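The values are calculated or read from the model by the stated rules, or taken from the named source; none is laboratory data. Predicted, not measured: the structure shown is a model, and the values here were computed from it. Glycine also receives a Cβ, built like all others from the backbone with ideal geometry; neighbour counts cover every protein chain displayed.
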Amino acid sequence: MALQGRGLRLPSRRLVTLAWPWLLLLLIFTAVRLSKGAAVIDAYALLTRPFWPGSAQSEWLTAAQQLDRQARLQQLETDNQRLRQLLDLDRADAGVVSAPVISRQAQGWWQQLVLGRGSLQGLSPGDAVIAPGGLLGRVASVTPTTASVLLLTDPSSRIGVWVGRAQRHGLLVGVGTSRPLLRFIDQDVGVRPGDVVSTSPASTLLPPNLTIGVVQSVNERAVPAPEAVVQLSAPVDAVDWVQVRLVRP
């Protein structure tokens, strides 16, 4: 009877031994389903805790946050300065109209831009267009509410200019890039990098003595006369408000 009893108990023990891993796996699947994966995430976090970032990574994060705050502060200061310049532009005197830049084409970035003011505000072709820093170009055409501006960088732009230190006149010619070309008539001009270029004191087409830019480089071997590359002082590539000085009859 004892052997028979032992014989009857052996299959049940073996069945339990074989079944408990499956029961454990079923319980794990049930827990994962009920917790929507939270249990697995908690277990993973517990197992990987020894490998979490230490103090060095924390210091890097703090430094990155400080750098981000400094960059934001610098951007705020830049925006504040820009808004002050726009406020100065908006305080126009008689004969000057402030105008927003409302359009410019990517393929003609260095050629023209369109202003949100037109003949109704007194604008007409030939008016000088000035940005913070200096002369930007001239009004080429107008509609009642808009005006097209021919930039100094446009290949069709030609204006007479003056280099004060060297006491020389020249012709500023647009070449389709951010830096127009200054051409001279005389051979020995004495112009050098750093010289300020402005509109001629004797100009009748543009207001005299308007700052245009600074000589960047000089080519003494150019034919038939020396040439100079001019860096414009007005931000041609990023201007959004301008002043228009109206032509006086």
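Looking only at residues of the range 143-158 that are of a type in the set (Val, Ile, Thr) and surrounded by 22 or more Cβ atoms within 10 Å (Cβ to Cβ), we find that the one that is farthest from Asp127 (Cα to Cα) is Thr153.
Matching residues to (1) in contact (Cβ under 8 Å) with a residue 40 or more places away in the chain; (2) closer than 18 Å to Arg158 by Cα; (3) of a type in the set (Lys, Arg); (4) in the same structural domain as Ile159 (by TED's automatic domain parsing):
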{"residue": "Asp188", "(1), (2), (3), (4)": "no, no, no, yes"}
{"residue": "Pro193", "(1), (2), (3), (4)": "no, no, no, yes"}
{"residue": "Ser200", "(1), (2), (3), (4)": "yes, yes, no, yes"}
{"residue": "Pro207", "(1), (2), (3), (4)": "yes, yes, no, yes"}
{"residue": "Gln216", "(1), (2), (3), (4)": "no, no, no, yes"}
{"residue": "Ala222", "(1), (2), (3), (4)": "no, no, no, yes"}
{"residue": "Val244", "(1), (2), (3), (4)": "yes, no, no, yes"}
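Conditions (1) assigned to a loop (DSSP other than H, G, I, E, B); (2) touching a helix residue (DSSP H, G or I) at 6+ places or on another chain (Cβ under 9 Å); (3) more than 23 Å from Leu115 (Cβ to Cβ); (4) hydroxyl-bearing (Ser, Thr, Tyr), marked per residue:
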{"residue": "Gly170", "(1), (2), (3), (4)": "no, no, yes, no"}
{"residue": "Gly190", "(1), (2), (3), (4)": "yes, no, yes, no"}
{"residue": "Pro193", "(1), (2), (3), (4)": "yes, no, yes, no"}
{"residue": "Gln216", "(1), (2), (3), (4)": "no, no, yes, no"}
{"residue": "Pro235", "(1), (2), (3), (4)": "yes, no, no, no"}
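Give the range 223-246 a look and list any residue that's of a type in the set (A, V, I, L, M, F, W, C) and touching a strand residue (DSSP E or B) at 6+ places or on another chain (Cβ under 8 Å), or say none. If the condition is that a residue be of a type in the set (A, V, I, L, M, F, W, C) and touching a strand residue (DSSP E or B) at 6+ places or on another chain (Cβ under 8 Å), then Ala225, Ala228, Val229, Val230, Leu232, Ala234, Val236, Val239, Trp241, Val242, Val244, Leu246 are the ones that fit.
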